[in-house]
Amino acid sequence: FWCFINGKMVIDLGATHGALGAGIDLNAAIADTGENVSDILGLVDGEVYTFDIFHAERNEVDSNFKITTTLFEACNVLQSGTTVFNTSTFSQSDFEQTILSTSQVTFNEAQKTMQMGFAGQRHNSYFMYTKNQENVGRGFVSSFTFQASGSTDGFAFVIHRQELTNYPISGAPYFNFKNIKNSFAVVFDFCKTRDSNNFCISQEVSVHYPDTPDDRNTAKLRTRRSYDHVFRKLARNESVEILIIYYGGKPDFLEVYIDDSLFLRESDFRMTEIIGSLGGHVGITATSSDISSDLVFSDWVLNTVEVENKNTEQGNVTSGIQTVIADGESQSSGYSLITKDGCLNQLDSGSLDERVKAVYLEKVNTTTGTYTNGSLVPFEESATVVDNDDGTYHATLVTENAGEYSVFYTFGDQCELVYDINSCSSDPCSDVVVTVNDPVNCVLMSVFDAVIAVPVPPPTPSPVSNIDIPDDNSQLVKIASSTGSILFLAALVGVFMFVRYQRRWSREKKFVADGKRYILEANTELAGDDPLSVTTSQVMATSAEILRRAAAAEADPKTAAIMKLKLQNEEMREANRMKKKALDYEAGREAKRAIQRAKRDRMEL
């Protein structure tokens, strides 16, 4: 009897002998050197190592052994796995909700089969993948039956992290997994229509993955990773065969079985390093040649170490309450939750946001003992859930109702928040009590002082006020504003720039004989936000208001409001006339100076 741990022999009971016993304590120290046994064997806590036992029978009788150990089973897919899906129970809608496939893949609801390819279809590429990224990095078992007919070259079982909407289509001999990043493929190559020039020497099972996750997968590498010398040729026929692909997670090894026979095994297969994540889309791909063929799959099952609701943890709980504007659009930064699987490993992919149940409830005003406006019922706002695509989710608040809010959230398909917003029967009111429907399997997370929703601030007043033109015309523009001299200088420079470069203004005034109706500056082109354009816009807006109010008052010119608007309108019109007069005057002066310069130039000549 011999025992090896991590490739090193720790028990040697060889040769012919009677009953003997031996043991190994990994935590013990060697008497002579004081070294710890685990250190000598190179063992590190939390890692996984091989434990190999050999027993040779030398006699027909009294040749036996017994092992007693304190080792315990690791948490992996075999001990803690759950079924993600089983197509033998699918309806058509179940298939469409779970699987994304090319149009050439059909699901037969009556027979529960998936067919790739049809008679008469040639040179096509097919795939069917799980829409969600599954938690395969901690271990998985996938099994299905398949039947190939015609000239089918084979198919591939593929796991990858690439967006399905950007999936690169490839043909034979790549079985539609070429150029995929963050992927690996187990290829079942029937080598039916290809030769050595097309990467086909014999029928075989092989594994393909690039050197780094960001590289692209390709069958040209011929990465037949068949360590441990477990590798068999594939004798294809048209019978129904059962295929099982098993990845341990811990320990890291990949095994492929066909009809209960091991066809391929790769030790130290670190899938998370290959695809760069714990999660990935799981699927089957294939291509057809120039001869009609098809593949039929059934009983496709996927088991993984699934997310466990009760292992969900609360994420960030920042010091200090968050603030959001109650405008119905602004969004608070939110509070997060962290999803974990049945082995307490944090997930690193998303797509489970529909399992997050979260609500924001208004807090009681401690001064009034009620809610907003004396209400006995709090505002209730369903949280906006943000999928961070890394296994975490944020519950954020968007509201139009100002006040202070608490947040409550849980996670899971069967987990629900339980509360009654009409529970205020005392004076003063108490805050709403929130629980979960299943305290054993669901975790209630909350932040009491979560968010303050503040009212929408009033609009900022315009920095440009009414323009006053002095009687002596000593200056063109005077701006009264809170910014003082800086804005005055800036506006003055703007006016001079406008005078120098802007086209002259045109105006056409048409007045009705009784003065009730006119069109002001019908052909005026407004230049922008300069004082003259702003004032002109005000004049036009005031004129429209006069007409509206006059019509409402049956054109009574003595109405006080109308007379006030008329007076303001006349004042602004007079201001415009004065500015235009000044502009015309300055333009005339510039024209005279130009004539004088021309005369002077002629005299010099």
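Amide H of F85: which non-local residues (sequence gap of 5 or more, or other chain) have their own amide H closer than 5 Å, using H built in the peptide plane?
Excluding prolines and chain starts, which carry no amide H, the hits are L302.
Mind grabbing the accessible area of V432 for me, 1.4 Å probe, Å², rounded to tens?
The accessible area of V432 comes to roughly 20 Å².
Rank these by accessible area, largest first, 1.4 Å probe: T366, T69, T113, T285.
T366, T69, T113, T285
Tell me, what is the FRET efficiency for E163 and S88 to the nearest 0.05, using R0 = 30 angstrom and their Cβ-Cβ distance as r?
0.55
In percent, what relative contact order does the stretch 290-382 have, based on Cα pairs under 8 Å that are 6 or more apart in sequence?
Result for the stretch 290-382 is 22 percent.
For F263, what residues show an amide H to amide H distance below 5 Å, using hydrogens built from the backbone and excluding near sequence neighbours?
Result for F263 returns V256, Y257, I258.
Using the beta-carbon distance between E416 and V454 and R0 = 30 Å, what value does 1/(1 + (r/R0)^6) give for FRET efficiency, to the nearest 0.05?
Efficiency, rounded to the nearest 0.05: 0.45.
Need one value: the accessible area of I284 in square angstrom, 1.4 angstrom probe, rounded to the nearest 10.
0
From the mean inverse distance of alpha carbon pairs (Kirkwood) and the Cα radius of gyration, derive Rg over Rh for the stretch 254-333.
Value, to two decimals: 1.21.
Could you state the number of Å between the C-alpha centres of the stretch 263-280 and the stretch 385-441?
39
Among the listed pairs K131/K181; K131/K357; K310/K363; K112/K310; K112/K357; K131/K178, give every one whose C-alpha distance is greater than 25 Å.
K310/K363; K112/K310; K112/K357
What nm distance separates the two modelled labels at N64 and Q79, each placed 7 Å from Cα along Cα→Cβ?
Taking the two extended label points, one gets 2.8 nm.
In sequence order, what are the phi-derived ³J(HN,Hα) couplings for the stretch 433-440 according to the Karplus relation 6.51 cos²θ - 1.76 cosθ + 1.60 with θ = phi - 60°, rounded to whole Hz, with x for glycine and proline?
Values, residue by residue: 8, 10, 10, 10, 6, 9, x, 6 Hz.
Rank these residues by their accessible area, most exposed first, probe 1.4 Å: E574, E381, E362, E57.
Heavy-atom accessible area, descending, gives E57, E574, E381, E362.
Taking H placed 1.01 Å from N in the peptide plane, check which residues at least 5 places from T113 or on another chain put their amide H under 5 Å from its amide H.
Distant-sequence amide H within range of T113: N108.
Would you mind calculating the gained length between S425 and I11 on full extension (0.36 nm times residue separation, minus the Cα-Cα distance), in nm to one decimal?
141.6 nm
Can you work out the Karplus-derived ³J(HN,Hα) for every residue in the stretch 139-148? Use 6.51 cos²θ - 1.76 cosθ + 1.60 with θ = phi - 60°, whole Hz, and x for glycine or proline.
Couplings: x, 7, 10, 10, 9, 6, 9, 9, 9, 10 Hz.
Calculate the dipole size of the stretch 329-402 relative to its Cα centre from +1 charges on Lys and Arg beta carbons and -1 charges on Asp and Glu beta carbons; express the result in debye to the nearest 20.
380
May I ask you to rank C343, C3 by accessible area, largest first, using a 1.4 Å probe over the protein chains only?
Largest accessible area first, the residues go C343, C3.
The values are calculated or read from the model by the stated rules, or taken from the named source; none is laboratory data. It should be emphasised that the depicted structure is a prediction, and the values quoted were computed from it without experimental measurement. When we count neighbours, we look across all protein chains shown, and the Cβ atoms used for this are built from the backbone with ideal geometry, even at glycine. Heads up: the accessible areas ignore ligands, DNA and RNA and are worked out on the full protein's heavy atoms, side chains in. Shrake-Rupley method; radii C 1.70, N 1.55, O 1.52, S 1.80 Å.
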